[in-house]
Amino acid sequence: MGKLAPEHSSPQQLEEVRAATAKEVAILRQLAGHPHIITLIDSYESATFVFLVFDLMRRGELFDYLTEKVTLSEKEARGIMRALLEAVSYLHAQGIVHRDLKPENILLDEELRVRLSDFGFSCHLPPGQRLRELCGTPGYLAPEILKCSMDETHLGYGHEVDLWACGVIFYTLLAGSPPFWHRKQLLMLRMIMEGRYVFGSPEWDDRSETVKDLVSTLLRWDPSERLTAEQALRHPFFQRCEGREALSPFRRFRVSLGAPRAPRASGLSHGAPSPWVIDSPIAFRLYGHWVQRGEHQSRAALFETRPKALTLAPTPPSPPAVVTTTGLGPR
């Protein structure tokens with residue numbers, strides 16, 4: 001729904017809103033029928049609003065699902081990423097760049113089927129042409145978008161930015177935290193510009209080398225070396241058996257315990273103070289108030305705050321079943 005408020009906007013601004021909405025509607029109609037892209041059912045305009053009617057996606061955003069689950073198994077991540085990459089492949093085949101791929105723009109229905117949504121930043125990109133506009137969500141921006149905004153001689157960017165964002169989403173699904181994150185946005189953007197991320201321990205200790213390879217090839221700093229959506233779908237990760245995942249000894253141990261663990265600190269390569277990473281669904285529910293939803297916020301907002309009552313004193317040996325949540329912060 002787009003708001004048309006003459007009392008707060010100039011005629012030029014109103015016309016820009018109408019034009020942007022018309023462009024999004026045209027793109028949605030062009031993409032109609034794909035199983036992993038949201039369906040625009042109808043659109044109409046009143047005196048103050050432009051209404052877009054879509055499929056009802058009862059499970060909401062992938063962001064919220066990930067907030068509940070914290071991390072996903074490789075099998076579940078495979079299903080989500082296959083659907084996302086198929087949607088991106090179709091977009092690019094139609095000459096369209098999304099430019100704002102993130103968990104908030106991926107919707108789930110009751111059966112957890114994926115639909116890509118929010119095409120407000122999408123645009124057509126004819127063959128041989130490049131884009132220069134700075135747009136998107138900071139944590140998901142590709143390095144070439146940032147470089148383009150800083151260097152007037154830069155050649156621009158293309159479809160490859162969507163694959164970088166897919167790599168960021170993929171990493172987040174498996175690790176429970178984004179690959180590029182710092183409390184200070186300028187330092188986070190520097191990490192992106194340098195393509196600096198790590199497969200940290202213990203989040204990645206029990207992940208396969210195959211999935212690490214796919215994430216790495218999506219997060220290639222040089223866009224010419226980055227996989228296309230079609231190439232990514234042919235990666236061995238998507239050719240593996242769809243049966244039960246082989247669990248590492250570490251993951252089998254975690255599953256056998258079946259109990260929540262306390263939050264842990266996870267370091268980043270730049271040497272800044274470690275952000276808190278919540279690594280169990282119960283702990284995540286306790287700290288869910290940290291994830292504030294807003295125009296400039298995303299799942300990464302979770303890592304901006306430290307629980308004041310929590311210390312890093314060694315935990316005495318005790319059975320997992322007696323782990324408590326007392327004193328871990330406001331409920």
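The values are calculated or read from the model by the stated rules, or taken from the named source; none is laboratory data. Note that the coordinates shown come from a computational prediction; the quantities given were computed from them, not determined experimentally. When we count neighbours, we look across all protein chains shown, and the Cβ atoms used for this are built from the backbone with ideal geometry, even at glycine. Each accessible area value is taken on the protein alone, full model and side chains, heavy atoms only, with ligands, DNA and RNA left out. Shrake-Rupley method; radii C 1.70, N 1.55, O 1.52, S 1.80 Å.
Annotations
- Hits in the range 206-228 (condition: modelled with pLDDT of 95 or more and either in a loop (DSSP other than H, G, I, E, B) or farther than 20 Å from residue 72 by Cβ (or both)): 207, 208, 219, 220, 221, 222, 223, 224, 225, 226, 227, 228
- Residue ID - nearest to residue 86 (Cα to Cα), chosen from residues in the range 40-58 that are touching a Phe, Trp or Tyr at 6+ places or on another chain (Cβ under 7 Å) and surrounded by 16 or more Cβ atoms within 10 Å (Cβ to Cβ): 40
- From the options 70, 88, 97, residue that is out of contact with any strand residue (DSSP E or B) (no Cβ under 7 Å at 6 or more places or on another chain) and modelled with pLDDT of 95 or more: 88
- The range 81-101 - residue that is in a helix (DSSP H, G or I) and open to solvent by less than 10 Å² (accessible area, probe 1.4 Å) and, of those, farthest from residue 24 (Cα to Cα): 81
- Options 104, 68: the member that is over 13 Å from the mean Cα position of the chain (by Cα), closer than 27 Å to residue 213 by Cα and either charged (D, E, K, R) or assigned to a strand (DSSP E or B) (or both): 68
- Count of the range 136-152 residues which are touching a Gly at 6+ places or on another chain (Cβ under 9 Å) and among the hydrophobic types (A, V, I, L, M, F, W, C): 3
- Qualifying positions in the range 182-207 - open to solvent by 30 Å² or more (accessible area, probe 1.4 Å) and not aliphatic (A, V, I, L, M): 183, 184, 185, 190, 194, 196, 197, 199, 201, 202, 205
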